[in-house]
Amino acid sequence: MIIREATENDLAALGDLHGVCFAIEVERARAEMKEELARPWARIVLAEEKGAEENELLGYAVFWFVADEANLLHIAVSDSARRRGTGRLIMERGLELAREKGTVTCILEVRSSNEAAIGLYRSFDFTDVTTRKAYYADGEDALVMSRRLDQPVSTRPDY
């Protein structure tokens with residue numbers, strides 16, 4: 001598995017996976033990924049697997065870096081790559097990149113029902129900050145989580 005930052009060559013695959021994972025129309029999803037890649041404060045970290053003819057996108061995360069704070073906007077992993085450590089590797093590289101940029105804190109919002117994602121974030125020592133009531137369009141709450149980046153992860157359980 002290869003973990004790296006995305007380039008313009010990855011836009012179609014990123015948009016396709018973004019659309020599938022977040023139930024967004026493909027053209028809109030591709031446009032959103034293009035916008036993220038163009039933002040000077042944003043970085044997209046992706047995981048891919050070497051294929052015979054072309055590499056297969058397994059997952060990605062979008063991070064924003066503003067002042068001394070990183071914000072994880074999206075993380076998505078294809079169905080075929082779930083429960084294989086793909087999300088963990090993407091998060092590790094994203095947090096490493098955040099440290100390299102001198103950020104002190106990383107924050108994120110996650111659906112309160114997304115137990116798999118919450119488990120992943122807690123395995124990186126993210127802690128609950130607050131709940132945003134009816135944050136999502138369907139009325140679901142968002143759990144806001146945060147982690148200081150100047151402290152090592154206390155435990156590294158398998159995820």
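Derivation of every value follows stated rules applied to the coordinates shown; laboratory data play no part. For clarity, every value in this text was computed on a predicted model and none was experimentally measured. FYI the Cβ positions are ideal-geometry reconstructions off the backbone, even for glycines, and counts take in every protein chain you see.
Working out 0.36 nm times the residue gap between Glu25 and Arg39, then minus their Cα-Cα distance, what length gain in nm do you get to one decimal?
On the way: separation 14, 0.36 × 14 = 5.04 nm, distance 2.15 nm.
Extra length from Glu25 to Arg39 when fully extended: 2.9 nm.
Contact order for the chain, expressed relative to its length and based on alpha carbon pairs under 8 Å spaced 6+ residues apart, stands at 17 percent. The amide H of Val104, built 1.01 Å from its N in the peptide plane, has Glu69, Ala70 as neighbours under 5 Å, considering only residues 5 or more places off or on other chains. Working note: Cα gyration tensor of the chain, eigenvalues times five, square-rooted, sorted largest first, giving semi-axes of 23, 19, 17 Å.
Toward the positive end of the charge dipole of the chain, with +1 on the Cβ of Lys and Arg and -1 on the Cβ of Asp and Glu, the farthest Cα among Leu149, Gly15, Ile90 is that of Leu149.
Database remark: amide H of Asp141 closer than 5 angstrom to the amide H of Ser112, Ala134, Tyr135 (H placed geometrically; neighbours at sequence offset of 5 or more, or on other chains; Pro and chain starts carry no H). When peptides 138-148, 56-66 are sorted by average Cβ neighbour count within 10 Å, with the highest value leading, the order is 56-66, 138-148.
Given the -39500 (n - 2.57) contribution per DSSP H run of 4+ residues, what per-residue ellipticity at 222 nm results for the chain, rounded to the nearest 500 deg cm²/dmol? Spell out each step's value before the answer.
Numbers: 4 runs with 49 residues, N = 159.
Result for the chain, helices only: -9500 deg cm²/dmol.
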